[in-house]
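Below: the structure, in C-alpha cells.
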Amino acid sequence: MLDVTPMPAAIVAATDLAHHLHPFADMKELAAGGIRVMTRGEGVYVHDAEGKRYLDAFAGLWCVNVGYGRREIADAVFAQMNELPYYNTFFATTTTPTAQLAAKICSHAGPDINRVFFTCSGSEANDTWLRMARVYWATRGRPERKIVISRHNAYHGSTVAGASLGGMKHMHEQGDLPIPGIVHIGQPYWYGEGGDLDPAAFGLLRARELEDKILELGPDRVAAFVAEPIQGVGGVIVPPETYWPEIQRICRKYDVLLALDEVITGFGRLGSWFGYQHFGLEPDFCVVAKGLSSGYLPIAGVLVSDRVADVLVAETGAFHHGFTYSGHPVAAAAALANLKIIEDERLVERVHDDIGPYFAAALGSLGDHIMVGEVATTGLLGAVQLVLDKEKRQRFSRPADIGMIIRNFCFMRGVIVRAAADRILISPAFTISRSEIDVVVATLREVMDYVAAELS
Ligand SMILES: *Cc1c(COP(=O)(O)O)cnc(C)c1O
C-alpha cells in the first residue's frame, strides 16, 4: 500500500516550517515557538507525535461534531472513491451521493427551504449567496438593491467577499477590504459594549442599528443583512433575547433578505438542526460548512429559501457561478455518513435534552470565579468571559494576552480550548461525556486559580 512516508516528528516540523505557510499565522513566531505534529484521534481525543493525548474541547475547529475515528465515514468515503471518485455537476449531470445529500439537508431544514448550492468551504458559500442575492434582486427588476449590511466582529471567512462581509478589523487592514457595497453595524455584545443598559434594552438598541442603517442607505438599495446566529470566532457572543425577533421584524418590514451564517451553528450545535430553528427565524439564505461533514472532508453550501430559489429557478436563467468540486461525490458521501450518525445516535436531541444542559450547568459553575465576568452557553457552544474586576466589569488592558495565557496553560494540561481576546471558547464534539466535560471545567478552574494567584 502506498502510504505517506513515515518521518520523525522533528523532521516533519522542520519540513513544515520550511515549506508550509500556515493560515492566520505569524511564520516568524511559529518558527521561534515550534510546531506540534498531530498524529491521530479517537472520540474527543487527539494525540501528538510525542505520544501526548489531549481532550479536544474545540472539536478541531468547531467541526468534528461526531468525534474522531468514525469508521462509518471512512468506509463510505472508501466505497465512493472506488465507485466514482469524481464527476462534475455542471453539464446536466449529477451523482447519487450529491442528490441524496441535498435532499437529506433539506429534510431537516424545514418547510420553506428546499434547495442547496454546494461549495467547498464556508467562505465560498458566503461569496455564493452574496452574488445570488444581487442576482435575485436584479431578476426582480431591482438591480439597485445591492448593498449588504453585516456586523463588526463577525466572521464570514477569508475570501475577498467573505473577509469583507466579516467585521474583523485586522482582516480588513490587509488587502484593502472591505470591498464596496458592504457596510457594518454594531454587534450585540452586551458584556463588552452594553455599558449601563440592561441586556434586553441593549439587544434592541443594536438591532435597531440595522433599521437606522437601512433608512440611511435607502431601503431600495439594500439587498441583505448577514449574521451568525451566535458569533463564533468573535467570541461566542450569545445575543440578548430581544435581538433576533427585532432583526427579523426589520428585515421583513423593509423586504431585506436575511442571510444566516450557520457554519458553526448548523447541524446540531445549538441543540436544533439549525440555529434559525432555535431562534425562530426565517432566513432566505443559510450558510453551512464545518458540521456538514464533521470536518472529515471539505464540503459546504448555501441553503436557499423557496422565496429566493423560486425566482432564480423560474426567471433568472443560468446563474454563472460554481466550483469544480461543487457537490463532490466523495465529500457528499462523507457528509451523508456523518448526518446518518447524527440521526442514528440522536445527537441533536442529546445536545438539546441531555449533554447541552449538563454543559451549561458545569461551565456555568465557573461563574463564581474571581476571573470570570460571565459564562454564556447555548447547546454545546460556550464562552467564559475573563475579567480583571468582576464588580466593575473592568476588562484586562491586554485582552488577547490574558486569553492566550489561559488557553496555553489548558493546552499544556492536555485540554484544548480556544481564546478570542479575553473570552475562552468551548465547542466540543456532540459525543462528549459528562465526565469529559468535568475534566474541561476542572482544568479551566485550576488554570484560572493559578493565573489569578500569579496576578495578585
Ligand atoms: C469557519 C467559518 C467560516 C469560513 O468557513 P471556511 O470553510 O473556513 O471557509 C464562515 N463563517 C463562519 C461563521 C465560520 O465559523
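The values are calculated or read from the model by the stated rules, or taken from the named source; none is laboratory data. All values reported here derive from a predicted model rather than from experimental measurement. Note that we place each Cβ from the backbone using ideal geometry, even for glycine, and neighbour counts take in every protein chain shown.
With respect to G367, determine if the residue is more than 16 Å from the ligand (Cβ to nearest atom), surrounded by 23 or more Cβ atoms within 10 Å (Cβ to Cβ) and not hydrophobic (A, V, I, L, M, F, W, C).
no
Let's see how each residue does on (1) modelled with pLDDT of 95 or more; (2) within 30 Å of V384 (Cβ to Cβ); (3) out of contact with any His (no Cβ under 9 Å at 6 or more places or on another chain):
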| residue | (1), (2), (3) |
| --- | --- |
| R249 | yes, no, yes |
| W273 | yes, yes, no |
| S293 | yes, yes, yes |
| E315 | yes, no, yes |
Can you find even one residue in the range 304-313 that is surrounded by fewer than 24 Cβ atoms within 10 Å (Cβ to Cβ) and hydroxyl-bearing (S, T, Y)? yes
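For the range 298-312, what are the residues that are in contact (Cβ under 8 Å) with a residue 24 or more places away in the chain and assigned to a helix (DSSP H, G or I)?
Taking the range 298-312 first, the residues in contact (Cβ under 8 Å) with a residue 24 or more places away in the chain are 298-309, 311-312.
Answer for the range 298-312, where residues must be in contact (Cβ under 8 Å) with a residue 24 or more places away in the chain and assigned to a helix (DSSP H, G or I): D306, R307, V308, A309, V311, L312.
Please verify whether V417 is crowded, with 20+ Cβ neighbours inside 10 Å, over 26 Å from F267 (Cβ atoms) and out of contact with any Pro (no Cβ under 8 Å at 6 or more places or on another chain), treating the condition exactly as stated.
no
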Given (1) modelled with pLDDT of 95 or more; (2) not in a strand (DSSP E or B), where does M1 come up short, assuming only one miss? (1)
Evaluate the following for A334: is it small (G, A, S), touching a Phe, Trp or Tyr at 6+ places or on another chain (Cβ under 8 Å) and not in a loop (DSSP other than H, G, I, E, B)? yes
What do you reckon, is A25 on the phi > 0 side of the Ramachandran plot, within 16 Å of the ligand (Cβ to nearest atom) and not hydroxyl-bearing (S, T, Y)? no
Taking the range 11-32 as the region of interest, how many residues are within 26 Å of P428 (Cα to Cα) and surrounded by fewer than 14 Cβ atoms within 10 Å (Cβ to Cβ)? 4
I need a count of the residues in the range 411-440 that are over 22 Å from the mean Cα position of the chain (by Cα) and part of a helix (DSSP H, G or I). 6
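Residue-by-condition table, conditions (1) assigned to a helix (DSSP H, G or I); (2) more than 30 Å from R350 (Cα to Cα); (3) within 16 Å of the ligand (Cβ to nearest atom); (4) touching a His at 6+ places or on another chain (Cβ under 7 Å):
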{"site": "Y54", "(1), (2), (3), (4)": "no, no, no, no"}
{"site": "L61", "(1), (2), (3), (4)": "yes, no, yes, no"}
{"site": "F78", "(1), (2), (3), (4)": "yes, no, no, no"}
{"site": "S107", "(1), (2), (3), (4)": "yes, no, no, no"}
{"site": "T128", "(1), (2), (3), (4)": "yes, yes, yes, yes"}
Hey, R395 hits all of (1) over 13 Å from R423 (Cα atoms); (2) touching a residue at least 60 places away in the same chain (Cβ under 8 Å); (3) of a type in the set (K, R) but one; which does it fall short on? (1)
Per the list (1) free of Cβ contacts under 8 Å to residues at least 60 places away in the same chain; (2) at negative phi, residue check on A57 breaks on (1)
For residues that are near the ligand (Cβ under 7 Å from one of its atoms) and in a helix (DSSP H, G or I), scanning just the range 112-126, find the one that is surrounded by the fewest Cβ atoms within 10 Å (Cβ to Cβ). S123
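Yes or no, residue by residue, for (1) surrounded by fewer than 20 Cβ atoms within 10 Å (Cβ to Cβ); (2) under 17 Å from E262 (Cβ atoms); (3) assigned by TED's automatic domain parsing to the domain that holds A334:
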residue: P85; (1), (2), (3): yes, no, yes
residue: P97; (1), (2), (3): no, no, yes
residue: T128; (1), (2), (3): no, yes, yes
residue: H152; (1), (2), (3): yes, no, yes
residue: G166; (1), (2), (3): no, yes, yes
residue: M171; (1), (2), (3): yes, no, yes
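Just for strands (runs of 3 or more DSSP E) wholly inside the range 134-245: which have at least 2 residues that are within 16 Å of the ligand (Cβ to nearest atom) and under 29 Å from T377 (Cβ atoms)?
In the range 134-245, 147-151, 222-227 are the strands (runs of 3 or more DSSP E) which contain 2 or more residues that are within 16 Å of the ligand (Cβ to nearest atom) and under 29 Å from T377 (Cβ atoms).
Kindly indicate the residue of the range 257-302 that is among the aliphatic types (A, V, I, L, M) and out of contact with any Asp or Glu (no Cβ under 8 Å at 6 or more places or on another chain) and also nearest to the ligand (Cβ to nearest atom) among those meeting that condition.
Only one residue fits best here, namely A289.
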Tell me which residues, restricted to the range 24-52, are assigned to a loop (DSSP other than H, G, I, E, B) and basic (K, R). R36, K52
Taking the stated definitions as given, is R350 at pLDDT 95 or above and either more than 30 Å from A138 (Cα to Cα) or not in a helix (DSSP H, G or I) (or both)? yes
Tell me whether the range 31-45 contains one or more residues that are acidic (D, E) and more than 25 Å from the chain's Cα centre (by Cα). no
Do we find that N65 is touching a residue at least 12 places away in the same chain (Cβ under 8 Å), under 23 Å from G266 (Cα atoms) and assigned to a loop (DSSP other than H, G, I, E, B) in this structure? yes
